[in-house]
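The values are calculated or read from the model by the stated rules, or taken from the named source; none is laboratory data. The structure displayed is predicted, hence computed values, not measured ones. Positions of Cβ are backbone-derived with ideal geometry, glycine not excepted, and every protein chain shown enters the neighbour counts. Ligands, DNA and RNA are stripped out before the accessible areas are found, and what is left, the full protein with its side chains, is counted by its heavy atoms. Shrake-Rupley method; radii C 1.70, N 1.55, O 1.52, S 1.80 Å.
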Amino acid sequence: MELADATRMILSESAAHPELLRLARHSHEELSHRRPVPHETLSAMLREAARKNVYPALCARYGRPAFDDMVMSLGREIDRLAPVPVRTR
């Protein structure tokens, strides 16, 4: 699943939650214009969607497989962009 599609899914269920709406709209616009979105923003969007209990609505609207694809797409991008912590011995 494309990242813009994943953020569009969250955007579609975020109208009742101003902070989630702001994060999802910003992320979707940036991705639609082929600009990178910081991993902090994507992480905050996923966290806020969980806090506002949007996940059940996404599963009901799009189905569990599409929801799983959305979370995995966003998670892979977050993992790809996040810095690797330095381990000290």
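Please work out whether the chain counts as rounded, prolate or oblate from its C-alpha gyration tensor, where a ≥ b ≥ c are the square roots of the eigenvalues and a/c under 1.5 means rounded, while otherwise a/b larger than b/c means prolate and anything else oblate? Here the chain falls in the prolate category. Sites listed here are GluC sites (Glu not before Pro) in the chain whose DSSP assignment is loop and whose Cβ has at most 13 other Cβ atoms within 10 Å: Glu2. Average accessible surface for region 12-89: 69 Å² per residue, computed with a 1.4 Å probe over protein heavy atoms with every protein chain in place.
How large, in percent, is the carbon and sulfur part of the accessible surface of the chain at a probe radius of 1.4 Å? The nonpolar share, carbon plus sulfur, comes to 53 percent. Ranking Ala60, Ser32, Ser43 by Cα position along the charge dipole of the chain, where only Lys, Arg, Asp and Glu carry charges on their C-beta atoms, puts Ser43 farthest toward the positive end. Extension gain for Asp5 to Glu40 (0.36 nm times residue separation, less C-alpha to C-alpha distance): 10.7 nm. Charged side chains reduced to their Cβ positions (Lys and Arg at +1, Asp and Glu at -1) give the chain a dipole of some 260 debye around its Cα centre.
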